[in-house]
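**Student:** This is the structure I have questions about; it appears just below.
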Amino acid sequence: AAGTAAAPHVKSGSYTVLQVVEALGSSLESPEPRTRARGIQLLSQVLLQCYSLLLEKEVVHLILFYENRLKDHHLVIPSVLQGLRALSLCVALPPGLAVSVLKAIFQEVHVQSLLQVDRHTVYSIITNFMRTREEELKGLGADFTFGFIQVMDGEKDPRNLLVAFRIVHDLISRDYSLGPFVEELFEVTSCYFPIDFTPPPNDPHGIQREDLILSLRAVLASTPRFAEFLLPLLIEKVDSEILSAKLDSLQTLNACCAVYGQKELKDFLPSLWASIRREVFQTASERVETEGLAALLSLTTCLSCSVLRADAEDLLDSFLSNILQDCRHHLCEPDMKLVWPSAKLLQAAAGASARACDHITSSVLPLLLDQFHKHSQSNQRRTILEMILGFLKLQQKWSYEDKDERPLSGFKDQLCSLVFMALTDPSIQLQLVGIRTLTVLGAQPGLLSSGDLELVVGHLYRLSFLEEDSQNCRLAALEASGALAALYPVAFSSHLIPKLAEELHRGESDLARGDEPTKCSQHLRCLQALSAVSAHPSIVKETLPLLLQHLWQVNKGNVVAGSTEVIAICQSLQQVAEKCQQDPESCWYFHETAVPCLLALTVQASMPEKEPSVLRKVLLEEEVLAAMVSVIGTATTHLSPELAAQSVTRIVPLFLDGNTSFLPENSFPSRFQPFQDGSSGQRRLIALLMAFVCSLPRNVEIPQLNQLMRELLELSCCHGCPFSSTAAAKCFAGLLNKHPAGHQLDEFLQLAVDTVENGLGSKPSRSQAFTLLLWVTKALVLRYHPLSSCLTARLMGLLSDPELGPAAADGFSLLMSDCTDVLTRAGHADVRIMFRQRFFTDNVPALVQGFHTAPQDVKPNYLKGLSHVLNRLPKPVLLPELPTLLSLLLEALSCPDSVVQLSTLSCLQPLLLEAPQVMSLHVETLVTKFLNLSSSPSMAVRIAALQCMHALTHLPTPVLLPYKPQVIRALAKPLDDKKRLVRKEAVSARGEWFLLGSPGS
């Protein structure tokens, strides 16, 4: 305390350090060791706070004084070391004194007899000098290394070991002289290997076993000079019975290989290989096997990278020959017992370098090809093909300049033949491996000939049309078609696209005749194949016109098709659009071709007709328009601003002015005026305008924006067609969200607020005005606009409305959830991070207060709104608020509305896992309510309640045991539920409750 009091006076210049020394004179010279220790301690405390102010002359005197005191009584030494630590931080330290201090410590202090904190001080002094006086310390030569070895020898405290290991690492990495003490330095550190340390519970220092392991590993693997001592130790520990020792040794070997060369490894290779082989062949631990394979890869890489003298022995070839000798024969054993371990070892070695890969592949591949033909059972063939696949994947790592150099060139025909055999095998599992192998073979540049590719395409075409029971195989074939089409567009254009086009026309005629569903499903598979193969710009230019032509055929009435058929075409178009997003040219081609076509079709369908056509009405159905919205949105989000601006000057005038000149086949019987006195059919197409303008980049200027916003606002409150008014409200909100702040935005917002208030005041358009309020609020909440709080408050006010209250409660779900068509990040909307957390902080207190003051009949609306907000909130945000909100959530479970029940259960389930202490205070209520809901009329609620019953078992067992008999009896009832999914959850939950309190649970 006295030192702390004196320090400010020294800092301010009132006293000098030498004056403090003089003032302490009697204490420093006292014959009583404890008094001397207190005096030096006070001086050291002053120095620790004022070391930066010391002059060189003062530092010299102080160091001489402190060095002399190192010979003093052992009670004085800790205070002396604190003073030396302060002086080791001085910038004004003259040259030579760092060496002098360390020599004095090495000579006078028996460090390991000191307390932990004092030993730590010695390590700090050494660390400080190594950081600032490196050249001086290196001048000591190997004496410094020897001195440190004496300091560290016998250290046991983990806190000190972390610092000591760092010092040893710096000694080696910064090239201090180790002299004849390499082995001693190794011994003083390796005695801790492998680390066996379990941190005490509630350890305030937070040192983990892993910290010590990594720190020691950095030391052991820092220099090749340790190799002759370390490698025998690693082999011994790998061969031990202790799992952690095996893992640590293999990981350390892996690290060592990065700094070792052939010279260090040469004498130990046979022993290392024997140990690794045994661990992979016989291990009961997957982790040991993984680390063994990683160590083998590193060893082989090290041997591959070493630069050899002309007369030196090439160890890589002899090492690989040993591996082949020990593993090859296992590949031929009839029982295939050690096939996989052998293959893994061979693949680990082959993954090290192109040379290693060639050596092993050229030896193993002929053997595996032969074995494939020798075994006739599909599961054995699958195993062999999976091994071949592993070796083929390794080939992809290395590039070969010369085509003839490629090791696979000689096996190409055999490999192709074998893969084609697998693709025609009755076993689906073998077919799946065959498809994966085919994809890897195709990825080898220049390997497959044009004849091979034609056969590949034929097989993929056949597999793309497999029946439902081969769904996995069909999907794998579609994925492979996409991967290979990107590499071989010409082959797929020549051989696959014509077949798919023919199949599509055949499908049209089948649909026209109204054939059975089997043929229709073939037709849908054809659409999927067309979208899957559209992985290259040149192929898109063939598949997109095919799909659009097919859509025209449906529209012309040549084909009897329902909404399912049109939606399937739109889904294929969307997949093509997604594939085009990576290439700006393809993206523009798709947009320029598909969007006008879709608009022309729907505009044609929206025109009034003398005779109403069923086919025309299909294109105006909500599900079909929603599918088209996805296509147009996906086709627009990745456009460059320049091209988007070009497109917007055509599409916005189409909707505002009826300008159809850019549409294909644009001779329509009447004008297209969706905003004027258009029919409900024309108004429905506002959804397509929404998809386009709400997906544009933010910096694209929209022509006639003022007129467009007013028209959208007017249409959003028309009560004739809810679909159109909602689409207009969403479009208005999407544009509002992206609009830059300023006078025009304020105008639009004022218009919107006035329109909402007028609409809510008039009976016919209340529902539409509410929808507009909801979407405008969401647009502003996402961008943190100041007005969002007023609109949210207005929305909360509607919770008490007898007509709109339930819808307002559901509106909170919309505010908190992500949309798919508008206000998305992908569509360039202004979505701030953590908007949900901000909404929660700003509005939940008001919701809770509203619940408490609301009349009984509207309380469920507040509970529903609160449940929706909490359900979509990140759980780390919710946990601190849980104690205050839990009673409301429990009350929500008693609400008769199944939506509220489901939302609340979804919110509670993760909380049972993450906040068991808080939840266990309410265990009686939770058990009762969950059991009641497990017999709810709603299947989704029953499943969620049973999942919560399961999650309850994570609470502390003593809290649950009193309820165990009641729960087990009650859960017998859902075991007989008529729904399989409910029965499955009941079995799972009841099983966990049965095990509560049993030994080992």
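The values are calculated or read from the model by the stated rules, or taken from the named source; none is laboratory data. Values in this document were obtained by computation on a predicted structure and should not be read as measured data. So basically every Cβ, Gly included, is an ideal-geometry build from the backbone, and we count neighbours across all protein chains shown. Just the protein is used for accessible areas: all its heavy atoms, side chains included, with ligands, DNA and RNA removed. Shrake-Rupley method; radii C 1.70, N 1.55, O 1.52, S 1.80 Å.
**Student:** For region 755-897, would you read off the P(r) tail past 18 Å as a percentage of all alpha carbon pairs? Don't jump to the answer; show the numbers that get you there.
**Tutor:** Values: 5637 of 10153 pairs.
Everything past 18 Å amounts to 56 percent.
**Student:** Here's something else I'd like to know. If you rank D821, D153, D211, D267 by how much accessible surface each has, with a 1.4 Å probe, what is the order from largest down?
**Tutor:** From most accessible down to least: D267, D153, D211, D821.
**Student:** Order of 869-877, 572-580 by packing, highest average Cβ count within 10 Å first?
**Tutor:** Details: 869-877: 17.3, 572-580: 24.1.
Averaged packing, sorted descending, gives the order 572-580, 869-877.
**Student:** Set the Förster radius R0 to 41 Å, insert the Cβ-Cβ distance between V987 and S378 as r into 1/(1 + (r/R0)^6), and round the FRET efficiency to 0.05. Intermediate values should be presented prior to the final figure.
**Tutor:** Working: r = 34 Å, r/R0 = 0.83.
Computed FRET efficiency for V987 and S378 comes out at 0.75.
**Student:** To continue, here is another question. Note down, for region 851-997, the three equivalent ellipsoid semi-axes (square root of 5 times each alpha carbon gyration tensor eigenvalue), biggest first, whole angstrom.
**Tutor:** Equivalent ellipsoid semi-axes, largest first: 25, 18, 13 Å.
**Student:** Hey, which of these cross-link pairs are over 24 Å Cα-Cα: K864/K929; K579/K738; K875/K973; K929/K984; K237/K263; K864/K964?
**Tutor:** Among K864/K929; K579/K738; K875/K973; K929/K984; K237/K263; K864/K964, the Cα-Cα distance tops 24 Å for K579/K738; K875/K973; K864/K964.
**Student:** Evaluate the Debye formula for region 82-148 with equal point scatterers sitting on the alpha carbons, no solvent, and hand back log10 of I(q)/I(0) at q = 0.18, 0.21, 0.22, 0.28 Å⁻¹, in q order, two decimals.
**Tutor:** Scattering profile of region 82-148, log10 relative to I(0): -0.63, -0.86, -0.94, -1.45.
**Student:** Ratio of Rg to Rh for region 42-138, alpha carbon only, Kirkwood?
**Tutor:** 0.92
**Student:** May I ask you to evaluate 6.51 cos²θ - 1.76 cosθ + 1.60, the Karplus curve with θ = phi - 60°, for each residue of region 719-731 and list the ³J(HN,Hα) values in order in whole Hz, giving x for glycine and proline?
**Tutor:** Listing the rounded values in order: 9, x, 9, x, 4, 5, 5, 5, 4, 5, 5, 5, 5 Hz.
**Student:** Angle between the Cα long axis of helix 2-12 and the longest principal axis of the chain, 0 to 90 degrees, nearest 10?
**Tutor:** For helix 2-12, the angle is close to 80 degrees.
**Student:** Calculate, in nm to one decimal, what S318 and D754 gain on full extension: separation in residues at 0.36 nm each, minus their alpha carbon distance.
**Tutor:** Using 0.36 nm per residue and subtracting the Cα-Cα distance, I get 148.4 nm.
**Student:** Using just the alpha carbons, could you tell me how many Å³ per residue the convex hull of region 673-780 encloses?
**Tutor:** 89 Å³
**Student:** Which distance in Å, rounded to a whole number, links the C-alpha centroids of region 273-293 and region 579-598?
**Tutor:** If you average the Cα positions of each part, the centres end up 52 Å apart.
**Student:** Straight-line reach from K617: which aspartates and glutamates have a Cα under 12 Å away, not including same-chain ones fewer than 8 places off?
**Tutor:** Leaving aside aspartates and glutamates fewer than 8 places away in the same chain, those within reach of K617 are E609.
**Student:** Also, I was wondering about something else. State the Cα centre-to-centre distance between region 713-785 and region 435-481 in whole Å.
**Tutor:** That distance is 51 Å.
**Student:** Please give, to one decimal in nm, the separation of the simple spin-label points placed at Q150 and S427, each 7 Å out from Cα toward the Cβ.
**Tutor:** For the pair Q150/S427, the computed spacing is 7.1 nm.
**Student:** Further question: Give a residue-ordered list of calculated ³J(HN,Hα) values for region 812-821 (Karplus: 6.51 cos²θ - 1.76 cosθ + 1.60, θ = phi - 60°; whole Hz; x for Gly, Pro).
**Tutor:** Karplus values, whole Hz, x for Gly and Pro: 5, 5, 5, 4, 8, 9, 8, 8, 10, 10.
**Student:** Among 174-185, 767-778, what's the highest-first ranking by average C-beta atoms within 10 angstrom per residue?
**Tutor:** The packing order, highest mean first, is 767-778, 174-185.
**Student:** Quick one: angle between helix 269-282 and the longest Cα principal axis of the chain, in degrees between 0 and 90, rounded to 10, please.
**Tutor:** So the helix axis and the longest Cα principal axis differ by about 50 degrees.
**Student:** Tell me the per residue accessible area of the chain using a 1.4 Å probe; a whole number in Å² is fine.
**Tutor:** 43 Å²
**Student:** Which whole-number percent of Cα pairs in region 557-712 have a distance greater than 27 Å?
**Tutor:** 20 percent
**Student:** Which aspartates and glutamates, on any chain, are close to K859 with Cα under 19 Å apart, when same-chain ones fewer than 8 places away are left out?
**Tutor:** K859 reaches D801, E803, D810, E891, D897.
**Student:** Multiplying the sequence separation of Q471 and S363 by 0.36 nm and subtracting their Cα-Cα distance, what value in nm do you get?
**Tutor:** Residue separation times 0.36 nm, minus the Cα-Cα distance, leaves 35.2 nm.
**Student:** Give the aspartates and glutamates reachable from K393 as a straight Cα distance under 15 Å; neighbours fewer than 8 places away on the same chain don't count.
**Tutor:** Qualifying aspartates and glutamates at Cα under 15 Å: D358.
**Student:** Suppose a student asked you for the relative contact order of the chain, using Cα pairs under 8 Å spaced at least 6 residues apart; what percent would you report?
**Tutor:** The normalised contact order for the chain reaches 4 percent.
**Student:** Carbon-plus-sulfur fraction of the accessible area of the chain, 1.4 Å probe, in percent?
**Tutor:** Of all accessible area on the chain, carbon and sulfur atoms account for 53 percent.
**Student:** Let me ask something additional. Could you calculate, for region 148-294, the ratio of the Cα radius of gyration to the Kirkwood radius, expressed as Rg to Rh?
**Tutor:** Using Cα coordinates only, the ratio equals 0.98.
**Student:** Report the GluC sites (Glu not before Pro) located in region 28-65 that are in a DSSP loop and have at most 11 other Cβ atoms inside 10 Å of their Cβ, or state none.
**Tutor:** E29
**Student:** Also, I was wondering about something else. Working only with C-alpha atoms, what are the Rg and Dmax values of the chain, expressed in angstrom?
**Tutor:** Using the Cα atoms of the chain, the pair Rg, Dmax is 38.6, 121 Å.
**Student:** Now for a separate question. Be a star and scan region 870-895 for residues whose amide nitrogen sits under 19 Å from the point 7 Å along the Cα-to-Cβ vector of E914.
**Tutor:** 870-890
**Student:** Follow-up question, since we're still on this one. Would you mind classifying region 332-491 by shape? Square roots of the alpha carbon gyration tensor eigenvalues, ordered a ≥ b ≥ c; an a/c under 1.5 is rounded, otherwise it is prolate if a/b is larger than b/c and oblate if not.
**Tutor:** Because a/c hits 1.5 or more and a/b fails to exceed b/c, region 332-491 counts as oblate.
**Student:** Taking loop as defined by DSSP and a crowding limit of 15 other beta carbons within 10 Å, which trypsin sites (Lys or Arg not before Pro) in region 28-126 fit? Don't skip to the end; give the middle numbers.
**Tutor:** Numbers: sites: R34, R36, R38, K57, R69, K71, R85, K103, R119; in loops: K71.
Those that pass, being in a loop and sparsely packed, are K71.
**Student:** Residues in region 31-49, backbone N under 19 Å from the label point at Q19 (7 Å along the Cα-to-beta-carbon vector): list them, ranges by number please.
**Tutor:** Answer for this model: 42-49.
**Student:** Enter the mean projected area of the convex hull around the alpha-carbon atoms of region 195-273, in nm², rounded to one decimal.
**Tutor:** 5.7 nm²
**Student:** Return the loop-located trypsin sites (Lys or Arg not before Pro) in region 933-1001 (DSSP other than H, G, I, E, B) with at most 14 other Cβ atoms within 10 Å of their own Cβ; answer none if there are none.
**Tutor:** Of the trypsin sites (Lys or Arg not before Pro), the ones in loops of region 933-1001 whose Cβ has at most 14 other Cβ atoms within 10 Å are K978, K979.
**Student:** May I pose another question? Residues of region 60-94 with backbone nitrogen within less than 14 Å of a virtual label 7 Å along the Cα-to-Cβ line of R34, please, listed as ranges.
**Tutor:** 75-76
**Student:** Which angle between 0 and 90 degrees, to the nearest 10, do you get for helix 497-512 versus the longest principal axis of the chain when only C-alpha atoms count?
**Tutor:** On a 0 to 90 degree scale, this one is about 40.
**Student:** So what J values fall out for region 63-76 if you push phi through Karplus, 6.51 cos²θ - 1.76 cosθ + 1.60 with θ = phi - 60°, rounded to Hz, Gly and Pro as x?
**Tutor:** 5, 4, 4, 5, 4, 5, 6, 4, 8, 6, 4, 4, 5, 7
**Student:** Quote the FRET efficiency, to the nearest 0.05, computed for Q704 versus W340 with a Förster distance R0 of 56 Å and r equal to the Cβ-Cβ distance. It would help to have the intermediate numbers written out before the result.
**Tutor:** Values: r = 68 Å, r/R0 = 1.21.
That pair, Q704 with W340, gives E of 0.25.
**Student:** Three principal axis extents, largest first, for the C-alpha atoms of region 64-207, in Å?
**Tutor:** Here the Cα extents, ordered largest to smallest, are 44, 35, 26 Å.
**Student:** At a Förster distance of 25 Å, what's the computed FRET efficiency of V117 paired with Q208, Cβ-Cβ distance as r, to 0.05?
**Tutor:** It comes to 0.75.
**Student:** Now for a separate question. Between Q49 and I242, what is the label-point separation in nm under the 7 Å Cα-to-beta-carbon projection?
**Tutor:** Spacing of the two 7 Å Cα→Cβ label points: 4.7 nm.
**Student:** Multiply the residue separation of D857 and Q837 by 0.36 nm, subtract the distance between their alpha-carbon atoms, and state the gained length in nm to one decimal.
**Tutor:** 4.3 nm
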